[in-house]
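Q: I have a structure I would like to understand better, so I am pasting it below and will then ask my questions one at a time.
The values are calculated or read from the model by the stated rules, or taken from the named source; none is laboratory data. Note that the coordinates shown come from a computational prediction; the quantities given were computed from them, not determined experimentally. With ideal geometry, Cβ positions are generated from the backbone for all residues, glycine too; neighbour counts draw on all protein chains shown.
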Amino acid sequence: MDVDGEWVDDDASNTEPDQASAPPDISIVDDVNTTAPKRRILPDAEATRLYAHWKSLTPSLVESLLEYTNQTMSKVVIPAGEHIYAVCSRGCMGVKSTDILCLYFDLLVRHGLFPTSPSQPRMAVSIELLDFYHALFERSCDAVNAMASALHSFYTRRGFHAINKKGERISDPFRRSLGSAIQWHDILHLRVQERLDAVIRDCDAEISRDPESSPISQSRTAPSSAPASARILQQRCPACFGGVSFGRSFDDGGDIHVATDGNFHHRHRRAAGDSRHFYDPQYVLPKEQVDLVGQRIDNARKKAPKAYSREVPDEAVDDCQESHDAANGSKQKANMDAFDDSGWMALVCRHNIPLFFANIDTPGEQQKYAVALLEHLYSLLPPEATVVCLYDVGCVLDRSLSLYDILPDSITSRLVFVTSAMHAYGHQWSCQLIYNPRLRKGLGLTDGEGVERLWSRLRKLIGITRSSGRSRRIWLLDRQASSIGLELRDDLGDWIHRRLGRGITAQGAKAQKVLDACGVSIPDLREQWANQKASQLSLRAHAPQRLKKELDTVLVLQGDLDTSEKAIQNTKGVIAKGPASQDTQDVISGLERTHDRLKSKVESLYASLNIHTSFPELEHVDLEFVRILLMARDLKINIRKRAIGSFFEWDKLDQAVGGAQQPLGTKLHQHTRKAIAKRQPALMTAIRKFNMYCERLEELHQAEWSIPLPQPLPTKLADLRDGSNLMEDVWISPSEGLTPRWLEDADVRDGIRAMLKLDRCLEERRRLGFEADNLCRWFGRELAAVELALRRASNSSLSVLLGQRREQMLLLKNRWINPFVSAVRFQYHVTNSVAIADRLCSTSHHTPPQLHWITPVQLTMPDTSQGLPLADVFSDNTELVPLESDQTILDYFLADASDDEDSISDDDDETALHLAIDTFRNVSLPLPIRPTPRDLQFSRVFTRDNNSRGACFETNDLQILASATARLNDNCMNGSARLLQSLSSAPNVSRCAIFSTFELVRIRDKASDDILWRNTRRLSYWLKDIWIVPIHRTTPVGHWVLCTVYPRQRELFLFDSLCGQRAWSSDIESIMELIRRIVSLANDRGYPLSADAADWTAHPVLDTACQTNGYDCGLWVLASMVSIFRGYHVTGLREADMAWFRAYLLSSIIALPTAS
């Protein structure tokens, strides 16, 4: 940015390496092209390399993002500083200064910034902004262009203009960079979530193997030996898949209800192209898996169909197949020349939660998509689980699976199809008797319309994904489905409340009122309903389907005969008015004879069809009556379809106007009304024609035929909607004896519907009880897994996210309480989950610390070392300044495992800690003698008072100490610490036990007790009051820090010369594990040591960094040890004193005897 507030885009490659100029601006990268380049639809080599770099980079940033999340969760975010520095790395022997513009990705992420490029980024985006965008994405979908344009406008109005090095303004400086950051930040976020889910999954598996923890729920349903559903299903809908008992019969509704349907609005333009693969979807099935199912279906259809028992006559299913586009897989619903993907097929549970998707890449809705989704679902279910699938054309798919070996018997025997509730009314009535969920026993109030609700939520994706890359289209849908699924899962408790109130209670009361008014007993209604089903499912009830085909020939010929007879009579009348020759009369006579012969042949053809033999009940029925009856039946089916479509249109329009759905503008509203109004006259004309047929049939009807006459339909849509006979087909078979009550008595028909509604409400209540039980059981098990994961020291980097997950689970408790599961049961799980985690975790009393960083108060002590000889530097007799109990500030809290998550409150007493600063500095001391090169050629040996070797300094170690900028290694640190301890005569030195830098490494590597004891017993630490533990952090680069342990006071003092706060969480976990194990080892071997594991307190000793370079951290740790020997908490040395301190160490080592 220049002095006038302009962003200037400079090319770093144009700056010569030796040019002493300011580093180039890294804000904006853009090219201004006068001509638009040709659009690329496939990734090129550069794009491939870019994606490969991103894929290799994101795993390395997981720890950095976790560290940043741990430090900023539930806190006010502090903006990143103007400068970001790297800390020293281990093993470097020197420092080379070069002017180069370099940003480390892990440092950017640790400071809350995400790069926009995987190599040499010129811009970084705030992680908080990316998190906000992700939350915005969940509500408004992809809005990269809007966000980029908004940022550009905002900065422009603030006086910051994006320009290139030519001084030209850049019209769109953020879109590409922001889009890249959003995409790959989401991938990084997913990597973190995968690690979190893996940890919880492992803990859940451990709990399931524990005999005392299984089952952890006092459920009303006894657990079976069958395995549970796959964890992925339980996570998506615990109400459906959290059960422990499977094999429920279909009369009881089966175990699981799912719905599937396709949508062809989510098409993808072929010209939009594709990018490199960058995301593995969690919801979308692989194309290869779907195509294999399609090949299997094609191969199966080449074989002869199998014989099977038909519940619904084929004539009815054929009619359903012809009337539904979804049943015709070859019907083209999208122009595949313009689109390479034509839509999505979704599978949802009965709570509308998306389970899986299949990408439709064929012109029509082929059966392979639904079959692939169901097959994938069964692969994740126990072998006894039964499934009810609701599908628009479930009847057609059910017949296909019965005719061909598309799915194995192990699946088809546990699978039942029904149609979705709203689409069922477009099917034949006989089809509805078997496949309508409102008429089928056991299905409760499951409607199967959850897929439509899902499409409504995903409609905002249609325009965006149509022109996105194919891989990005899948990513957008998959991430949106994940967001919807999590929201609906958390809403399960409210869903149960709504279903209980608006569904069972409201609909049940209305049905009971109708049932009371009809005056017919329940047993009589059940008998009438059984008779109705038996009659309307019989083959005789479907005679019209075959009669229509067979009588069409007769009816066509009859119509031709009527036309020819009328023509003959007209001709004969005209000729009779005037003189006619004998030849003319002979021709007319011949025509009459020919007509009579044709009429005789038509009657013979009608007899040859043997209709009366196949259907003896129609033997004495007039052909004209049968013809009109068939036409009335066909017309009523057509009226029913038109009427239901009109009902849906008006409902959607009314809901949109009322705000229940997406609002319509005035123009669109009027256009919709006109379109509906245009279709209404055709419906009214059809109704009037049907009513004319009813009148004609009444005229032709003879009582001895015993065929019930159809009733006229109302001509008002409101009356038609509420009519009881719209859904019933025209009866064409004679009835034996009296007309059935279900056919002629309106009260019986109303009573049957009310009885069925009450049955469904009762079934729904039972299913809600099962689902509430599943929900409560899953809550307890998941919470126990989270509690156990929180207690694992290896999960310290995830402790904040695990704590957040636990908090979310606890908040769900109040939302999921319902009339079927009381608050007592949920509270039992909350308490029991803690007990289970404590029992399973051997270190349950070491709960991962919740770190709260507070600035310490430092007390500067009088400088008593000024002018002391060098030999007395480490011989101060000043005693340790006591810590007043009412002046202790708690910077870290390590919660006891027995405490709940709310044990630390804002009301806890917080007192100030006064830290004593060692004010000794080298101002009056001479510099040590500079060593000669010869002094560095021989190793040195330090021996203890008992003549045992304490340390050996190799020549390499001497070279490191001789270099002004070299970082100390483990040998330098361990040997120098022992040497400094031996040189000091301060009283506190005998109270200190200095542990090796390798001890914490052994703890993290889970070394055995024998190894740990062998390396620590020489310290006699059980007799010491102060334990000094130097720590080397290897990531992101090497850095030395120090922890001082006061076991009797249960306090930790933490020193970090860079004043870093973010890595102490994992360090304290390892330190507490070290303390636990060495205390246990000492007690087991007869050295009594008391160190209570509870109520430990950790204090930082610095509030500001004392080191600015990248190589003196080891010296700062050694200097801090010297201050601890002298009775202080903090060293008083400054960074300028480190050169002298390094020289002093080297001189002291050189004074040691050489190694033999």
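Q: Could you check the range 159-203 and list, in sequence order, the residues that are hydroxyl-bearing (Ser, Thr, Tyr) and in contact with a Phe, Trp or Tyr (Cβ under 9 Å, 6 or more places away or on another chain)?
A: Of everything in the range 159-203, just one residue is hydroxyl-bearing (Ser, Thr, Tyr) and in contact with a Phe, Trp or Tyr (Cβ under 9 Å, 6 or more places away or on another chain), namely 180.
Q: Please give the number of the condition residue 218 fails out of (1) surrounded by 16 or more Cβ atoms within 10 Å (Cβ to Cβ); (2) at pLDDT below 90.
A: Unmet for residue 218, out of (1) surrounded by 16 or more Cβ atoms within 10 Å (Cβ to Cβ); (2) at pLDDT below 90: (1).
Q: Determine whether residue 258 is modelled with pLDDT of 95 or more, within 23 Å of residue 390 (Cβ to Cβ) and aliphatic (A, V, I, L, M).
A: yes
Q: Test residue 916 against the stated conditions and say whether it is within 22 Å of residue 996 (Cα to Cα), among the small types (Gly, Ala, Ser) and either surrounded by 15 or more Cβ atoms within 10 Å (Cβ to Cβ) or at pLDDT below 80 (or both).
A: Spelling it out, it is not the case that residue 916 is within 22 Å of residue 996 (Cα to Cα), among the small types (Gly, Ala, Ser) and either surrounded by 15 or more Cβ atoms within 10 Å (Cβ to Cβ) or at pLDDT below 80 (or both).
Q: Test residue 420 against the criterion of being surrounded by fewer than 20 Cβ atoms within 10 Å (Cβ to Cβ), more than 22 Å from residue 282 (Cα to Cα) and more than 24 Å from the chain's Cα centre (by Cα), and give yes or no.
A: Spelling it out, it is not the case that residue 420 is surrounded by fewer than 20 Cβ atoms within 10 Å (Cβ to Cβ), more than 22 Å from residue 282 (Cα to Cα) and more than 24 Å from the chain's Cα centre (by Cα).
Q: Which condition breaks for residue 632 when tested against (1) touching a Cys at 6+ places or on another chain (Cβ under 8 Å); (2) of a type in the set (A, V, I, L, M); (3) modelled with pLDDT under 70?
A: It fails just one condition, (3).
Q: Counting residues that are of a type in the set (A, V, I, L, M), surrounded by fewer than 21 Cβ atoms within 10 Å (Cβ to Cβ) and assigned by TED's automatic domain parsing to the domain that holds residue 1145, which strands (runs of 3 or more DSSP E) fully inside the range 955-1070 reach at least 2?
A: none
Q: For the range 1002-1011, enumerate the residues that are β-branched (Val, Ile, Thr) and under 37 Å from the mean Cα position of the chain (by Cα).
A: The one that is β-branched (Val, Ile, Thr) and under 37 Å from the mean Cα position of the chain (by Cα): 1003.
Q: Can you run down the residue pairs with Cβ atoms below 6 Å, 6 or more apart or on separate chains, where the first is in the range 47-62 and in contact (Cβ under 8 Å) with a residue 60 or more places away in the chain and the partner is crowded, with 18+ Cβ neighbours inside 10 Å and among the polar types (S, T, N, Q)?
A: Listed pairs, sorted by first residue: none to list.
Q: Working only within the range 296-326, note down all residues that are hydroxyl-bearing (Ser, Thr, Tyr) and either buried (at least 17 other Cβ atoms within 10 Å of the Cβ) or modelled with pLDDT of 75 or more (or both).
A: Once the filter is applied, which keeps residues that are hydroxyl-bearing (Ser, Thr, Tyr) and either buried (at least 17 other Cβ atoms within 10 Å of the Cβ) or modelled with pLDDT of 75 or more (or both), the range 296-326 yields 308, 309.
Q: Going by the conditions given, is residue 426 within 22 Å of residue 263 (Cβ to Cβ), surrounded by fewer than 23 Cβ atoms within 10 Å (Cβ to Cβ), in contact with a helix residue (DSSP H, G or I) (Cβ under 7 Å, 6 or more places away or on another chain) and modelled with pLDDT under 95?
A: Yes; evaluated as a whole, the condition is true for this residue.
Q: Separate question: Output the number of the condition that residue 1107 fails; it satisfies all remaining conditions of (1) in contact with an Asp or Glu (Cβ under 9 Å, 6 or more places away or on another chain); (2) surrounded by fewer than 19 Cβ atoms within 10 Å (Cβ to Cβ); (3) assigned to a loop (DSSP other than H, G, I, E, B).
A: Of (1) in contact with an Asp or Glu (Cβ under 9 Å, 6 or more places away or on another chain); (2) surrounded by fewer than 19 Cβ atoms within 10 Å (Cβ to Cβ); (3) assigned to a loop (DSSP other than H, G, I, E, B), only one is false for residue 1107: (2).
Q: Now a separate question. Quick one: how many residues across the range 236-295 are surrounded by 22 or more Cβ atoms within 10 Å (Cβ to Cβ), of a type in the set (A, V, I, L, M, F, W, C) and part of a loop (DSSP other than H, G, I, E, B)?
A: Number satisfying all stated conditions: 1.
Q: Is it the case that residue 150 is part of a helix (DSSP H, G or I) and out of contact with any helix residue (DSSP H, G or I) (no Cβ under 9 Å at 6 or more places or on another chain)?
A: Against the criterion (part of a helix (DSSP H, G or I) and out of contact with any helix residue (DSSP H, G or I) (no Cβ under 9 Å at 6 or more places or on another chain)), residue 150 qualifies.
Q: If you don't mind, there's one more thing I want to ask. Return the residue satisfying two criteria in turn: it lies in the range 608-625 and is in contact with a Pro (Cβ under 9 Å, 6 or more places away or on another chain) and buried (at least 21 other Cβ atoms within 10 Å of the Cβ), and of such residues it is modelled with the highest pLDDT.
A: 621
Q: Hey, does the range 543-562 have a residue that's at pLDDT 75 or above, surrounded by 14 or more Cβ atoms within 10 Å (Cβ to Cβ) and out of contact with any strand residue (DSSP E or B) (no Cβ under 8 Å at 6 or more places or on another chain)?
A: Within the range 543-562, not a single residue is at pLDDT 75 or above, surrounded by 14 or more Cβ atoms within 10 Å (Cβ to Cβ) and out of contact with any strand residue (DSSP E or B) (no Cβ under 8 Å at 6 or more places or on another chain).
Q: Another question, if that's okay. Would you check if residue 810 is touching a Ser or Thr at 6+ places or on another chain (Cβ under 8 Å), of a type in the set (A, V, I, L, M) and either touching a residue at least 40 places away in the same chain (Cβ under 8 Å) or part of a helix (DSSP H, G or I) (or both)?
A: no
Q: Taking residue 1119 and the conditions (1) buried (at least 21 other Cβ atoms within 10 Å of the Cβ); (2) touching a residue at least 24 places away in the same chain (Cβ under 8 Å); (3) not polar (S, T, N, Q), which numbered condition does it fall short on, given that it satisfies the others?
A: Failed condition: (2).
Q: For the range 432-459, which positions are over 21 Å from residue 755 (Cα atoms) and among the aromatic types (Phe, Trp, Tyr)?
A: Across the range 432-459, the qualifying residue is only 455.
Q: Out of everything in the range 129-166 that is aliphatic (A, V, I, L, M) and touching a strand residue (DSSP E or B) at 6+ places or on another chain (Cβ under 7 Å), what residue ends up being surrounded by the most Cβ atoms within 10 Å (Cβ to Cβ)?
A: Ranking the qualifying residues of the range 129-166, first place goes to 162.
Q: Further question on the same structure: In this structure, is residue 979 modelled with pLDDT of 85 or more and closer than 13 Å to residue 1122 by Cα?
A: Considered against the rule, which asks whether it is modelled with pLDDT of 85 or more and closer than 13 Å to residue 1122 by Cα, residue 979 comes out as yes.
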